[in-house]
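Contents: one structure, followed by commentary.
Please treat every number below as a calculation from the coordinates, not as lab data. All values reported here derive from a predicted model rather than from experimental measurement. Backbone-built Cβ (ideal geometry, glycine too); neighbour counts: all protein chains shown.
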Amino acid sequence: MATTILKDIPVSKLLLDLDNPRMYHHGVSDGDTVRVDLADKEIMEDIQQNDPNLPELIKSVQAEGIKEPIYVIPQGDFYRVIEGNRRTVVMRKLNSEGYTNPNKPHLNFKIIPAQVLPEDTDEKEVMKSKLIWQTGKSAWGAYNVAAAVFRMRNQFLMSIDDIADVAQKSNRDIKEMLRAYKLYSEYVDLTNDENTSRFSYFSKECPAAVRRWVAADDDHRNEYFQWIKPGPEQRIRSVATRGGLRDFKDVVANDAAIKAFRETPTMSVDEALEIVKDEDITKARPWLKQVDKVTTGLNGLDASDVERLQAEDYKPVLVALKRAVQGVIDDMD
């Protein structure tokens with residue numbers, strides 16, 4: 001990483017980072033690049049309007065000033081922010097309002113401490129530094145990180161090993177991000193839906209069984225794109241909701257259920273799940289999967305275990321279990 005010099009810089013001399021992965025939710029891939037094309041004013045407005053944590057940051061800066069320097073690079077007579085857009089926005093706001101802290105009059109809201117990169121720092125090194133400084137911060141979502149990784153791989157031609165080292169991720173994680181970002185970009189191209197919340201349908205949040213089914217066939221992929229597209233005809237909801245991706249993984253694993261789902265445009269995931277349950281009782285009665293474990297456990301009890309069960313009054317429970325099991329067996333006969 002490039003060597004930096006610590007300086008106090010007037011807030012009026014700072015330009016917001018126009019290529020900040022936090023802003024990638026405004027655009028998707030264009031060939032081998034990620035295009036956002038936002039102006040300084042638009043980025044400032046976006047942060048002020050859409051960052052839920054900004055009020056808390058404003059209070060912190062009002063009380064303590066800027067605790068950690070931002071990172072910048074010279075650009076003509078100004079400095080372009082590389083890391084620290086949110087803090088810069090806060091300082092701009094306080095400066096424009098003429099704010100002072102009467103309890104700490106030494107705090108100066110007209111200047112901001114900054115680590116200054118050399119003006120000739122290579123763009124690739126700048127991008128690597130961004131990922132190092134930002135990865136793991138709450139303002140970065142899975143899409144933002146994946147977009148930055150995609151750019152490193154396709155624009156700067158970095159190796160998987162190098163990206164993994166910078167991002168502090170495994171090679172497998174980096175490959176998964178690239179796969180998800182590529183598929184999401186194809187989804188956007190086909191549907192014109194640029195809402196990056198849809199990225200969860202392609203990332204590791206999407207169950208592995210669904211990801212494999214989508215990747216197996218172009219028809220699967222195109223159908224999946226239509227099924228997740230928002231609107232009255234959306235058939236697969238988000239990951240955690242009922243009738244969402246977690247349920248859909250059981251549908252794609254069942255030939256009869258996925259066949260019916262594909263052939264019946266009005267069928268919901270819940271309705272397809274009923275087909276799964278009809279063919280596999282453990283889907284309707286998931287506790288049955290534990291019967292083998294319970295049987296093995298009971299058969300493995302020794303004398304001391306039995307004494308403890310008796311002492312802890314488990315006999316009525318076991319008697320009830322015996323009656324229930326015997327009743328099922330009798331019905332089978």
For the chain, with +1 on Lys and Arg beta carbons and -1 on Asp and Glu, the positive-most of 236, 14, 268 along the dipole:
14
Expected vector for segment 314-331, Karplus 3J(HN,Hα) from phi with 6.51, -1.76, 1.60 and θ = phi - 60°, integer Hz, x for Gly and Pro, equals 8, 4, x, 5, 5, 5, 5, 5, 4, 5, 5, 5, 5, x, 5, 4, 4, 5
May I ask you to list the aspartates and glutamates whose Cα is less than 19 Å away from that of residue 289, ignoring any residue fewer than eight positions away on the same chain?
247, 250, 274, 278, 279, 280
Once amide hydrogens are built 1.01 Å from N within the peptide plane, the residues lying 5 or more places from residue 75 or on another chain with amide H under 5 Å from its amide H are 80
At a threshold of 8 angstrom on Cα-Cα distance, excluding pairs fewer than six apart, so keeping six or more, what relative contact order does segment 142-259 reach in percent?
18
Mean-square fluctuation maximum in Gaussian network of the chain, Cα pairs under 10 Å, restricted to 291, 11, 72, hits 291
Distance in nm between pseudo-label sites at residue 192 and residue 13 (7 Å out along the Cβ direction from Cα)
4.7
State, to one decimal in nm, how far the label point of residue 323 lies from the label point of residue 122, with both points 7 Å from Cα in the Cβ direction.
7.8
How do 248, 109 line up, fewest other C-beta atoms within 10 Å first?
109, 248
Cross-link partners of residue 283 among lysines (Cα-Cα below 19 Å; sequence separation of 8 or more within a chain)
249, 259, 293
Applying 1/(1 + (r/R0)^6) with R0 = 41 Å to the Cβ-Cβ distance of residue 292 and residue 97, what FRET efficiency is obtained, to the nearest 0.05?
0.05
Over 23 Å (Cα to Cα) among 67/104; 175/277; 41/104; 277/315 -> 175/277; 41/104; 277/315
Can you sort 78, 150 so the residue with the fewest Cβ neighbours within 10 Å comes first?
78, 150
